């Protein structure tokens, strides 16, 4: 009986966090020339991202990479989203719309578990 009582008091193994922190990096250079302007970016935020996510924070950033020994730089937008796992398909749709709308080859997507005690709104 004591063993059963002690077993019931043990902390269960950690379950996969329902919340995730998604970090997206959207390049603003358009293949073939030009950039995604501020008005186009705001329209994308209003028409797509705000409707497909539970909320977000967007920041300006700079990206860079090497190609054939030459440094390439590009303006970008970093978007942070605290989401539930169930929100991920809608976020993926928003990313696909950005790629389609601005002829982007890719959007950098980073994601990590964010358990409620560590990730919360206050």
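Answer yes if at least one residue in segment 14-23 is over 23 Å from residue 111 (Cβ atoms), over 14 Å from the mean Cα position of the chain (by Cα) and at pLDDT below 95, and no otherwise.
no
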Checking residue 118 against (1) in contact with a strand residue (DSSP E or B) (Cβ under 7 Å, 6 or more places away or on another chain); (2) closer than 18 Å to residue 22 by Cβ; (3) modelled with pLDDT under 95, the condition it does not meet: (1)
Condition met for residue 58 (free of Cβ contacts under 8 Å to residues at least 24 places away in the same chain, touching a helix residue (DSSP H, G or I) at 6+ places or on another chain (Cβ under 7 Å) and either within 16 Å of residue 20 (Cα to Cα) or surrounded by 10 or more Cβ atoms within 10 Å (Cβ to Cβ) (or both)): yes
Any hit, segment 47-65, residues being farther than 21 Å from residue 121 by Cα, assigned to a helix (DSSP H, G or I) and over 12 Å from the mean Cα position of the chain (by Cα): yes
Pair list, Cβ < 9 Å and 6+ apart or interchain, from segment 95-112 residues that are more than 16 Å from residue 45 (Cβ to Cβ) to residues that are part of a helix (DSSP H, G or I): 105/99; 106/99; 109/91; 109/92; 109/95; 111/88
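The values are calculated or read from the model by the stated rules, or taken from the named source; none is laboratory data. This is a predicted model, so every value here is computed, not measured. Cβ atoms come from the backbone with ideal geometry, glycine included; neighbour counts cover every protein chain shown.
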